[in-house]
Every structure is written in structure tokens, then in C-alpha cells.
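Asker: Below are the C-alpha cells for one structure; questions will follow.
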Amino acid sequence: MRTLLILQDSPDFGGHEAMFLRFLPAIVADGGYDRIVMRHPAGNKTLGKRMASFCSDRFEIEGWRFAKRRAEPYLAGFRTGYARAVRRLFDEVQPAATLLLQGRIENCVVPLLAAPADRFVVSYVPMAHRMADMGRAAIPGDWVRRRLYRRPDRFIVPGPAIAGQIRAAGGRSPVVVADNVVAPPPRPDREDARRALELDPAARIALFLGRLATRQKGLDTLIQTIRREADALSGWTFLFVGSGDGEDACRKLAFDLASRIDIRCLSWSDSPHALIAASDLMLMPSRWEGVPLTMLEAMAYGVPILGSDIDVFRDYLPEANRIDFARAGLARAMDRAVTGGAHRERIAPGPGTTGFDHSAARFVAALDPRRMAA
């Protein structure tokens, strides 16, 4: 009996899990597995709900009590109960392959280390930045993580830039690129979307959409730049949509500049497509990223993007649509991105891909130890 074991230990549900769910039907149909077994934290209600439709006699899905904790790369060796449960699961299931859903290498550290050395382990990871790349201490951070990157027998990543990150972080096993590919609903009518959102039909709207994570998403830099260029940006309406540690800073910005710029802070929506369709520009000042699904959805709708000059965005955005948000003139760059048409040079689902079926086939093939990674 060929069995695939899937492990996830994050209490959160994000774009990485959403993309995995898009690939999952192909894994079930084309992977050649007699049985699939999945374990995830019982507290991840969203993932559990999304997985429910896949349950069957040959696909066993259970929530259990184990989940990633803070400082997992350093403390995983002390989580003996979690490690014993993982080893018992391997003994029971005897998987032909094990897929770890790792939002970062910090996820699934206990399963990664507890997996028997002779078991084929695949890491599906959306980003692999070194601590130094994120402005954190390289020692001991990168040193501790380097041994984690050396355990998987294969990696699956959502874009070419991440393959380079894997190598720089210490990964030596083959890396398979299965591009993120989105299939958003038909683009809502722009005027209807604006009317529903109570937005001025003639306004120039710039959208920040997703986690309001101050450091990773570069919110601090964007906010400082908006303050500095407030007069030049007075013709724009800024929408900050999402949740995270940057919420208060966004609200304060809106309050402080209320007489000069229209700035609105909105809660996250699981159906953000009307917001994208209503916008003239998406702002992505991130310091590091995987391959954001919101970026691909904006591309699919033909909405231009102004992103930071980081590796992933270089794969997708032309030079005119990338800036240093801390130094470049934001108002001029926004005008150029909207009126220059440069964004139309790259609106394909991903660099070098032929679409979703191509990515799904590469993902399925990467799970098979009998097939060479390409």
C-alpha cells in the first residue's frame, strides 16, 4: 500500500495553505496513493473546515493537539511528546512519502527532526529567507536553521527566487518550482465595486491588502513615506485592508492626515476581489515575501502593482514597477506605475509556467521519490 503522509502544525490559515488546497485534487487523483493520512492542529478550524470535503475511506484527516510554538527551531528538541506522536504515526502509516506544509522552515520542525532518516520527506515552503535578510541576528539564527534545511529530501517552492533562497539558507536537496497560479472570479465591474465600497468613482485608489505585519510588509516605511509626501499624495485615496500589528499605526496615519489625504482602514475580507477591482494600484512595500496570491490576483485583473525591489518581485514586475520605498519619490512612482503601462508587460500567472495544470503536475511528481526532481 502506497501511503502519503501530510503534516501541518500552524494554527493559522494563509495563502500557502490555500495554494496547497488547489493542488490537493491533483495529488489525490494523480499521485497513485492507496491511502493519504493528514494531521493538523485541531485549533486550525479554517484548515479543518476546508479539508472536510476530502475525507474518505482512503483519505484520513484528523486534527490533533500539536502545533508550532514560538522559538521552535531552538526548543523542538524538548518537545518529546510531539516527537513521540510523530514517530508512532510513521510506524503506523509507513509512508512512501511525507509532505510537510511549512509556512517557513520554523513550521513542522518537530516532524522534520523526528522523521526516520530513511523516510522520504518533502518540504513545501513558500519562502526561505535567512535571518540576516530579515534584519535579525545571523548567529545563532541562520546556523540553527541551516541543519533544518539539510533534512528534506526534496523541496517544493512557489517561484524561482525561493529556489535561490533555499540554496543560500543551506538546502542541498533538489528544489522543484511549482508556480503559484490563481484563478480569481471574473473581475467585478469597477464602478459597481466602488459603489458597494462607498468609494468616489473618480478617486485614484491605492490598495494595501493582506497582513498588516509592520516589518515584513514594510508598513513602517510606507507610512513614513506617506507622511513625508502628504502634499504630493493628496489626490490619492489609500485603503489599508487586513489585520496585524500595524493596525494602530495605519489608523493613526489616517487620523493625523485626515485633512490632507483620504486614508481608510478596513477589516480583512476572505473575498477581496471587489477591493482589487476598485483600485488603480496595489502597493507592496515588503522587505521579504514568498509569491503573494494577492499580487497574482491583481495581475489577473490588470491592476498595476508598485512593489519593493526584492528578489521575488524581480521575477514578476518590470523595473518601472519596483522602487525603494524609503528613498524613491512615492508620488512620482505611483503615477508612473498607473499611467506608464509597464505592468502590462508581465501579467502571466508566473514566470516560465504554462498554467495551473503544469504547476500541479510538477507538484505531484515532486512527491514521488521514484521520479527525478527537475
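The values are calculated or read from the model by the stated rules, or taken from the named source; none is laboratory data. Please read all numbers here as calculations on a predicted model, not as lab measurements. All Cβ positions, even for glycine, are placed from backbone atoms using ideal geometry, and neighbour counts span all protein chains on display.
Asker: Which residue is nearest to GLY355 (Cα to Cα), if the candidates are limited to region 130-151 and must be in a loop (DSSP other than H, G, I, E, B) and among the hydrophobic types (A, V, I, L, M, F, W, C)?
Answerer: MET131
Asker: Going residue by residue through region 152-160, is there one that turns out to be part of a strand (DSSP E or B) and either among the charged types (D, E, K, R) or outside the structural domain of VAL28 (by TED's automatic domain parsing) (or both)?
Answerer: yes
Asker: OK, next. So which residues in region 293-318 are more than 27 Å from ALA230 (Cβ to Cβ) and of a type outside the set (A, V, I, L, M, F, W, C)? Explain how you work it out, then say what you get.
Answerer: The initial filter retains those residues of region 293-318 that are more than 27 Å from ALA230 (Cβ to Cβ), namely 293, 296-297, 299-302, 311-312, 314-316, 318.
The answer is GLU297, TYR301, GLY302, ASP311, ARG314, ASP315, TYR316, PRO318.
Asker: Looking only at region 166-174, decide whether some residue is outside any helix (DSSP H, G or I), in contact (Cβ under 8 Å) with a residue 40 or more places away in the chain and at positive phi.
Answerer: no
Asker: I would also like to ask the following. Going by the structure shown, is ARG39 among the basic types (Lys, Arg), at negative phi, at pLDDT below 95 and not in a helix (DSSP H, G or I)?
Answerer: The answer is no for ARG39.
Asker: Name the residue, out of GLY15, GLY77, GLY48, that is modelled with pLDDT under 95, under 27 Å from VAL182 (Cα atoms) and either out of contact with any helix residue (DSSP H, G or I) (no Cβ under 9 Å at 6 or more places or on another chain) or not assigned by TED's automatic domain parsing to the domain that holds LEU293 (or both).
Answerer: Checking each option against the conditions leaves just GLY15.
Asker: Does ALA331 count as surrounded by 24 or more Cβ atoms within 10 Å (Cβ to Cβ) and small (Gly, Ala, Ser)?
Answerer: Working: surrounded by 24 or more Cβ atoms within 10 Å (Cβ to Cβ): no; small (Gly, Ala, Ser): yes.
Answer is no for this residue.
Asker: Go through region 76-86 and report how many residues are surrounded by 14 or more Cβ atoms within 10 Å (Cβ to Cβ) and of a type outside the set (Gly, Ala, Ser).
Answerer: Residues flagged as surrounded by 14 or more Cβ atoms within 10 Å (Cβ to Cβ) and of a type outside the set (Gly, Ala, Ser) within region 76-86 amount to 3.
Asker: When you check GLN224 against the structure, is it assigned by TED's automatic domain parsing to the domain that holds LEU306 and modelled with pLDDT under 95, yes or no?
Answerer: no
Asker: Turning to a different aspect of this structure: I need the full set of residues from region 359-374 which are surrounded by 16 or more Cβ atoms within 10 Å (Cβ to Cβ) and at pLDDT below 95, in order please.
Answerer: ALA373, the sole residue that qualifies.
Asker: Also, quick follow-up: Provide a single number: the residues in region 101-129 that are over 19 Å from ALA365 (Cα atoms) and assigned to a loop (DSSP other than H, G, I, E, B).
Answerer: Total satisfying the criteria: 13.
Asker: Still on this structure, please answer the following. Within region 188-209, work out how many residues are within 22 Å of the chain's Cα centre (by Cα) and of a type outside the set (A, V, I, L, M).
Answerer: Total satisfying the criteria: 1.
Asker: Output the number of the condition that PHE208 fails; it satisfies all remaining conditions of (1) hydrophobic (A, V, I, L, M, F, W, C); (2) in contact with a strand residue (DSSP E or B) (Cβ under 7 Å, 6 or more places away or on another chain); (3) surrounded by fewer than 22 Cβ atoms within 10 Å (Cβ to Cβ); (4) not in a helix (DSSP H, G or I).
Answerer: Only one criterion in (1) hydrophobic (A, V, I, L, M, F, W, C); (2) in contact with a strand residue (DSSP E or B) (Cβ under 7 Å, 6 or more places away or on another chain); (3) surrounded by fewer than 22 Cβ atoms within 10 Å (Cβ to Cβ); (4) not in a helix (DSSP H, G or I) is unmet by PHE208, namely (3).
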